[in-house]
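Undergrad: I am attaching a structure below and will ask some questions about it afterwards.
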Amino acid sequence: MEKLVIEGGVPLKGNVRISGAKNAALPLMAATLLAPGEHVLRNVPDLRDTRTLLRLMGNMGVKSRREDDVLYIDSTNLEHAEAPYELVKTMRASVLVLGPLVARLGRARVSRPGGCAIGARPIDFHIMGLEHLGVRCTLEDGYVDAVVDSELTGNVVYFDIPSVTGTENLLMAAVLAKGQTVLKNAAREPEIENLIDMLNSMGAKISGRGSDKLIIDGVESLTPADATIIPDRIEAGTYLIAIAASGGCGTVTHCNPGHLPSLLEKLRHAGLLVTETEDSITIGFPDKEGDIERHISGVDIKTAPYPGYPTDLQAQFMALMTLSGGNSVIKETIFENRFMHVAELHRMGAQIKIDGRTALVSGLGLNSLDGAQVMATDLRASSSLVIAGLAARGRTEISRIYHLERGYENLIEKLTGLGARVWKEAE
Ligand code: UD1
């Protein structure tokens, strides 16, 4: 096992290029199962999670090759419509193969993901939705056995809570169903728009893109896609917060500022100077009569489905708030156990109290954290520890960095490019 070592206290400066979005790449890769032939996916990040999904699809008979950031996926042969526990347990998003498999083959066997560090994370909405389309789902031996007895048929599906992968799974099943499907209270994340654009380019008929009501008129068949993954808004947000926390100034490039409405407003409320172009965001501290004022104000956040504040940027914002000059109330409404980073931030000197799903952060000012040995618990919690480590005085060691490798492409190279002192060491 390897650990990440950071010598903190260096204000980050310069440009960092944002990769394709993990959470868009996964559903778009799964969508290639819908049509036989060779698909081309561009701007695909090379991450532990994208590799896991390729392995999973490879086990089914799908062939793929990567040339730089372009993935060629040939899903002509689909022999085993099964997602085994060994792979699903390492990546819950494996459940995304369920929708396309039942649509193309009329059957699928997918291991039920267990809980994970951040919460129970059930898949009942996925199953309920598929059952509404005529899929018979049996839960046995930890697996979902899904079978279409006669025909996949359109229907109305209402989500009690907008679920991102639930909406994606239902979209991928409904595109090949007979008749019309209406998804109500659907998730509206940009990654879903990316998937809708790909499916429509393959011949699907989906309207309502960007809204919480999606209407899908089923078609007989689809053709292979040539699609581009959108930039990773969570990666972009993570670097913006890291630059601010280190007291630096820098630009994230190749991103879509329109996908980060709530974060950019919160950063501005915190007193940071944030400017946007069409595909870049620059962050720094305001210049008050020749003096750079390095001060961050306490700001409250409450996570919510898009376009609300993303839960995947909650831990990182909390790290920033420990460095503010005030108090901050952080409410997590999406997952029940997403404060795993708090105990680790305490080890670095942060003052945070938890009350249920609310964290009360008393900011101690920039440069108030001290380096420490900490443990990564999940992907985004880990990135908050990286941010804290970059801002802290002295050396921080983060163990279990495989969590980070699930979602951040070339993390060390990108941080080094911004001037950070960071490297990997054997544990
Ligand atoms: C996706 C993202 C993840 C992000 C999350 C919320 C991917 C691959 N992952 O996860 O990074 O943190 O959205 O933005 O895109 N729920 C149920 N039953 C279900 C499904 C969900 O109760 O069948 C609940 C969840 O427990 C949670 C809420 O619905 O409270 C939203 O979860 P959901 O949007 O489904 O998250 P994921 O799609 O798993």
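Undergrad: Can you tell me the orientation of helix 190-201 relative to the chain, as the angle in degrees between its alpha-carbon axis and the longest Cα principal axis, to the nearest 10?
TA: 30
Undergrad: A follow-up question, please. Taking the alpha-carbon set of region 234-324, what are its Rg and Dmax in Å?
TA: Over region 234-324's Cα set, Rg and Dmax evaluate to 12.4, 40 Å.
Undergrad: With the alpha-carbon atoms as the only input, what is the per residue convex hull volume for region 368-420 in Å³?
TA: Normalising the Cα hull of region 368-420 by residue number yields 71 Å³.
Undergrad: Just to make sure I understand: if all protein chains stay in place, what is the order of C249, C255 by accessible area at 1.4 Å, largest first?
TA: Order by accessible area, largest first: C249, C255.
Undergrad: Continuing with this model, one more query. Report the Cα-based extents of region 70-116 along its three principal axes, largest first, to the nearest Å.
TA: In descending order, the Cα extents are 33, 29, 15 Å.
Undergrad: Ok, one more. For an R0 of 60 angstrom, estimate the FRET efficiency from the Cβ-Cβ distance between R107 and E289 and round to the nearest 0.05. Please list the in-between numbers first.
TA: Working: r = 69 Å, r/R0 = 1.16.
So, using R0 = 60 Å, E works out to roughly 0.30.
Undergrad: Give me the tail of P(r) for region 277-323 as a percent: Cα-Cα pairs with distance above 12 Å.
TA: More than 12 Å apart: 73 percent of the Cα pairs in region 277-323.
Undergrad: Name the GluC sites (Glu not before Pro) in region 62-133 that are in a loop by DSSP and that have at most 16 other C-beta atoms within 10 Å, would you?
TA: Numbers: sites: E67, E79, E82, E86, E131; in loops: E79.
Here the sparse-neighbourhood loop sites are E79.
Undergrad: Another question about this same structure. What does the accessible area of R48 come to, in Å² to the nearest 10, when a probe of 1.4 Å is used?
TA: About 110 Å², ignoring ligands and nucleic acids.
Undergrad: Convert 20 °C to kelvin, take the viscosity as 1.002 mPa s, use the Kirkwood radius over C-alpha pairs of region 272-427 as Rh, and evaluate the Stokes-Einstein diffusion coefficient in µm²/s, rounded to a whole number.
TA: My calculation gives 131 µm²/s for D.
Undergrad: Rank by packing, highest mean first: peptides 324-336, 380-392, 9-21, 28-40, with packing defined as the count of other Cβ atoms within 10 Å averaged across residues.
TA: 380-392, 28-40, 9-21, 324-336
Undergrad: Could you list, bin by bin from short to long, the percent of Cα-Cα pairs of region 318-361 in 5 Å steps?
TA: Taking every Cα pair in region 318-361, the percentages come to 5, 24, 35, 24, 9, 2.
Undergrad: Right, here's the next one. Size of the dipole of region 1-154 about the Cα centre, Lys and Arg at +1 and Asp and Glu at -1 on the beta carbon, nothing else charged, in debye to 20?
TA: 480
Undergrad: Another question about this same structure. Work out the length of the dipole vector of the chain about its Cα centre, built from +1 on the beta-carbon of each Lys and Arg and -1 on the beta-carbon of each Asp and Glu, and round it to the nearest 20 debye.
TA: Here the chain has a charge dipole of around 580 debye.
Undergrad: Report Rg(Cα)/(2.2 N^0.38 Å) for the chain, keeping two decimals.
TA: Here the answer is 0.99, to two decimals.
Undergrad: So, one more: Please tell me the relative contact order of the chain in percent, rounded to the nearest whole number, where contacts are Cα pairs under 8 Å and at least six residues apart.
TA: Computed over the chain, the figure is 21 percent.
Undergrad: How big is D, in µm² s⁻¹, for region 323-405 by Stokes-Einstein at 10 °C and 1.306 mPa s if Rh is the Kirkwood radius over C-alpha pairs?
TA: Approximately 122 µm²/s, per Stokes-Einstein.
Undergrad: Running Debye on region 127-263 with equal point scatterers at the Cα sites and no solvent, what base-10 log of I(q)/I(0) appears at q = 0.13 Å⁻¹?
TA: -0.65
Undergrad: In addition: Just how large is the dipole of region 119-265 about the Cα centre, in debye to the nearest 20, putting +1 at every Lys and Arg Cβ and -1 at every Asp and Glu Cβ? Show your work: numbers first, answer last.
TA: Values: 9 positive and 20 negative charges, 85 e Å.
Using Cβ point charges on Lys, Arg, Asp and Glu, region 119-265 gives about 400 debye.
Undergrad: I'd like to know how region 30-77 sits against the 2.2 N^0.38 Å rule of thumb: what's its Cα Rg over that expected value?
TA: It is 1.03.
Undergrad: Right, here's the next one. Which percent of Cα pairs goes in each bin when the distances of region 186-243 are cut into 10 angstrom slices starting at zero?
TA: The calculated distribution, bin by bin, is 21, 40, 26, 10, 3.
Undergrad: Tell me the carbon and sulfur percent of the accessible area for region 1-133, rounded to whole percent, probe radius 1.4 Å.
TA: Of all accessible area on region 1-133, carbon and sulfur atoms account for 45 percent.
Undergrad: Ok, one more. Tell me, rounded to the nearest percent, the portion of alpha carbon pairs in region 1-70 spaced more than 17 Å apart.
TA: For region 1-70, the fraction of Cα-Cα distances above 17 Å is 54 percent.
Undergrad: Give me the number: length gained by fully extending E425 to N327, i.e. 0.36 nm times residue separation minus the C-alpha to C-alpha distance, one decimal in nm.
TA: The E425-N327 span can extend by a further 31.7 nm.
The values are calculated or read from the model by the stated rules, or taken from the named source; none is laboratory data. Quick caveat, the model's predicted, so the values are computed rather than measured. Positions of Cβ are backbone-derived with ideal geometry, glycine not excepted, and every protein chain shown enters the neighbour counts. For the accessible areas, the whole protein counts, side chains as well, though only heavy atoms, and no ligand, DNA or RNA atoms are used. Shrake-Rupley method; radii C 1.70, N 1.55, O 1.52, S 1.80 Å.
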